[in-house]
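The values are calculated or read from the model by the stated rules, or taken from the named source; none is laboratory data. Note that the coordinates shown come from a computational prediction; the quantities given were computed from them, not determined experimentally. Every residue, glycine as well, gets a Cβ built from its backbone with ideal geometry; the counts of neighbours run over all protein chains shown.
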Amino acid sequence: MGRKVEDTPKWIIVYDCPACGTDSGMTELQRPTCFACGSKNVIERERKPFTPEALAERMKVSADRMLLNLQKAYEEGPGNPKEEALLLSALAKAKDYKDKIHSMAEEMAKQSKKD
Ligand SMILES: [Zn+2]
């Protein structure tokens with residue numbers, strides 16, 4: 001019952017996924033999973049002390065890369081119209097997500113400057 005002090009993350013850990021080559025950043029409280037393909041077979045590459053800014057920075061990198069990968073897949077040419085429609089809607093969502101992450105990161109940076 002209730003949250004323990006240990007529930008506050010101490011680390012941001014970056015994992016490499018051997019299956020698809022994507023890296024994923026998360027805190028040590030989350031179960032290591034590849035954001036791109038869902039594989040749990042990921043390898044820790046680096047860890048740094050948790051700060052809201054570092055987390056925001058990490059999320060920005062992930063969101064940018066996700067969008068880039070989708071754009072690349074789209075440019076390479078989807079196999080059929082159904083795939084194309086799926087890719088387009090994924091692209092729209094990824095752009096939306098990226099914008100949200102970026103404005104959240106800016107907000108965090110502003111607030112930390114106030115202190
Ligand atoms: Zn993967």
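Which of the residues spanning the range 72-115 are among the small types (Gly, Ala, Ser), surrounded by fewer than 14 Cβ atoms within 10 Å (Cβ to Cβ) and under 12 Å from residue 53 (Cα atoms)?
Here is the first cut: in the range 72-115, the ones among the small types (Gly, Ala, Ser) are 73, 77, 79, 85, 89-90, 92, 94, 103, 105, 109, 112.
So of that shortlist, the ones also surrounded by fewer than 14 Cβ atoms within 10 Å (Cβ to Cβ) come out as 77, 79, 85, 89, 92, 103, 109, 112.
Matches in the range 72-115: 109, 112.
When you go through 105, 85, 92 one by one, which is the residue that is within 15 Å of the chain's Cα centre (by Cα) and hydrophobic (A, V, I, L, M, F, W, C)?
So the residue among 105, 85, 92 that is within 15 Å of the chain's Cα centre (by Cα) and hydrophobic (A, V, I, L, M, F, W, C) is 105.
Those residues that are of a type outside the set (Lys, Arg) and within 15 Å of residue 64 (Cβ to Cβ), I need them from the range 91-102; list them, please.
The initial filter retains those residues of the range 91-102 that are of a type outside the set (Lys, Arg), namely 91-92, 94, 96-97, 99, 101-102.
Matches in the range 91-102: 91, 94, 96, 97, 99, 101, 102.
Could you run through the range 10-45 and say how many residues are over 15 Å from residue 62 (Cα atoms) and among the acidic types (Asp, Glu)?
Residues meeting the conditions: 2.
Which one is nearest to residue 94 (Cα to Cα) among residues in the range 16-45 that are surrounded by 18 or more Cβ atoms within 10 Å (Cβ to Cβ) and over 11 Å from the mean Cα position of the chain (by Cα)?
Among those that are surrounded by 18 or more Cβ atoms within 10 Å (Cβ to Cβ) and over 11 Å from the mean Cα position of the chain (by Cα), it is 17.
Being of a type in the set (Gly, Ala, Ser), under 23 Å from residue 24 (Cα atoms) and at pLDDT 90 or above narrows it down to one residue among 92, 73; which is it?
Values: 73 fails: at pLDDT 90 or above.
Selected residue: 92, the only one of 92, 73 that is of a type in the set (Gly, Ala, Ser), under 23 Å from residue 24 (Cα atoms) and at pLDDT 90 or above.
Can you run down the residue pairs with Cβ atoms below 7 Å, 6 or more apart or on separate chains, where the first is in the range 4-25 and more than 19 Å from residue 55 (Cβ to Cβ) and assigned by TED's automatic domain parsing to the domain that holds residue 56 and the partner is at pLDDT 95 or above and more than 9 Å from the ligand (Cβ to nearest atom)?
Sorted first by the residue in the range 4-25, then by its partner, the list stays empty.
Check the range 69-82 and report whether any residue there is without any contact (Cβ under 8 Å) to a residue 40 or more places away in the chain and of a type in the set (Lys, Arg).
Yes - at least one qualifying residue is present in the range 69-82.
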